[in-house]
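What follows is a set of notes on a single structure, which appears directly below.
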Amino acid sequence: MDVDVQKRHIKPADRMVGLPTQFFAKLVAKANAQIAKGRDVINLGQGNPDQPTPPHIVSKLQESATNPLYHKYPPFSGYAFLKEAVATRYKEDYNVDLDPTTEVAILFGGKTGLVEISQCLLNPGDVCLVPDPGYPDYWSGVSLAGGEMSFMPLTKDNRYLPDLTAIDNEISSRAKLMFMNYPNNPTGAVADPKFYEDVVKFANEHNVVVASDFAYGAIGFDGVKPISFLQTPGAKEVGVEFYTLSKTYNMAGWRVGFALGNPDIVAMINLIQDHYYCSLFGGIQEAAALALTGPQQCVEELGALYERRREALFAALDRIGWRAERPGGSFFCWLPVPEGYTSESFADKLLFEADVVVAPGVGFGTHGEGYVRLGLLTSEARLEEAIERIGKLGIFTNSSD
Ligand SMILES: Cc1ncc(COP(=O)(O)O)c(C=O)c1O
């Protein structure tokens, strides 16, 4: 629920008033109002994985829930076996060495760490470099820390990678932190080794900490496995990577994530967490460790499922004449808005005239204007139906007609 904190009788702290408004809360409310009217709404606007957690992971939680050890407080920064499990996965998947005792922090989902890192590093007035368009939770942490955001435009011409050479000297000298996120939400773009090398160089030159958000690390298409920032020489000296089980194993509701890499930053995150929480329920930690060390076929199957959906969606887009580029990773598609509409007016038209929810690009930042984001989080049949409904509005012209 959106609360207007300024109107409340109890006066909140300034940091509450400064929190960015939840753009997408409005979207959810509009869609729900249509559903309440009995409309058959196809929601492609959100990023919540639709598949269940693989059964072997659920069974492990059922079993471990009965262990009385886990009914007590867990150790402050979590169990060693879970830290070892994620280190093992990184070694196997990316050939990255992580010391589980000093280079791994367990998080209540990636989101928590992405907000905490700003609080760990930014003093009021410090600059944080943030991608535009980008995942809005970066803004939340910077706002809570009283930091100042400087946006790095992600444009099609630069393959939705920030142009580090375009960052003003005055800004880079004041910047302390930089967020980046590949495979990218919302554009679906992926990063290459050369880009990450440039990031490490930039970070060293300007003494900037890098926060690599690898939430969609497991979802790459066309046989190309997304690379981890930590594979880059020197990455661990300048930053951390945030990894989450939410998308890799359909465990969004379980809230398991990690900060990995630079030991000083990992220590700061553990310290701030010692003040906020005691770690995750032990049973969840045990099941999460099994997810990471057990059979990984479920991850491959999930990637293949999203790729089939991507193909079904793009075939349907092609049929109606909506031309766009396929994403290289993540489960999002970034589609241009036709002339004469803003991303919001177009999203409203699709909701009210086609019963299809899409996320207006402007909700991810000003450079998101001109695009809408569609998630591959429903069946191929529903994706095709959504695009057929949009086709019937007659906005696009199919040149092959
Ligand atoms: C880009 C990005 N980063 C991080 C997250 C956070 O995921 P979680 O808090 O579930 O680990 C999300 C979730 O949607 C995301 O899209």
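Please treat every number below as a calculation from the coordinates, not as lab data. Just so you know, these numbers come straight off a predicted model, no measurement behind them. Don't worry about glycine lacking a Cβ; one is built from the backbone with ideal geometry, like all the others, and counts go over all protein chains shown.
Of all residues being under 20 Å from the mean Cα position of the chain (by Cα) and away from the ligand (no atom under 16 Å from the Cβ) in the stretch 202-226, which is nearest to E92 (Cα to Cα)? Just the residue, please.
K225
What is the one condition in (1) of a type in the set (G, A, S); (2) surrounded by fewer than 24 Cβ atoms within 10 Å (Cβ to Cβ); (3) within 16 Å of the ligand (Cβ to nearest atom) that G125 does not satisfy?
Just one mismatch for G125, condition (3).
Quick one: how many residues across the stretch 289-341 are under 18 Å from V372 (Cβ atoms) and hydroxyl-bearing (S, T, Y)?
The qualifying residues number 2.
Being outside any helix (DSSP H, G or I), surrounded by 24 or more Cβ atoms within 10 Å (Cβ to Cβ) and not aliphatic (A, V, I, L, M), is that true of even one residue in the stretch 261-273?
Yes, the stretch 261-273 has at least one match.
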